[in-house]
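Written out below as structure tokens is the structure these notes cover.
Computed from the coordinates by the stated procedures, all read-outs in this text should not be read as laboratory data. Source: prediction; values computed, not measured. Here the Cβ is made from the backbone with ideal geometry for all residues, glycine too, and neighbour counts use every protein chain on show.
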């Protein structure tokens, strides 16, 4: 995770860039990105239980700006790209 954040910083990726975490699992990567200042964060996973867990982690960490959704449908990805 630290390597990803360092890479984003080195590439000077703006903190308001959209980040989509496909296969988010427990959402910890997005939590760490939010702690580093990134603001437009979305995680998707095919597993409803993974999304439930990630939502609990988000609440515990107080990161209300992270969105989570159960999906791997192309329609959802296109929806994110157009927003």
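What order, most packed first, do the peptides 38-44, 54-60, 3-9 have when packing is the mean number of other Cβ atoms within 10 Å of each residue? Mind dumping the intermediate values first?
Working: 38-44: 20.3, 54-60: 16.1, 3-9: 12.4.
Per-residue mean Cβ counts within 10 Å order the peptides as 38-44, 54-60, 3-9.
So how compact is the chain: Cα radius of gyration and Dmax in angstrom?
12.3, 34
Please arrange 31, 66, 13 by counting, for each residue, the other beta carbons lying within 10 Å of its beta carbon, fewest first. Display every interim value, and only then the final one.
Values: 31 21, 66 24, 13 13.
By the 10 Å Cβ count, ascending: 13, 31, 66.
Per the helix-only calculation at 222 nm, which mean residue ellipticity applies to the chain, given -39500 (n - 2.57) for every DSSP H run of n ≥ 4 and division by its residues, nearest 500 deg cm²/dmol?
Calculated from helices alone, the mean residue ellipticity at 222 nm is -14000 deg cm²/dmol.
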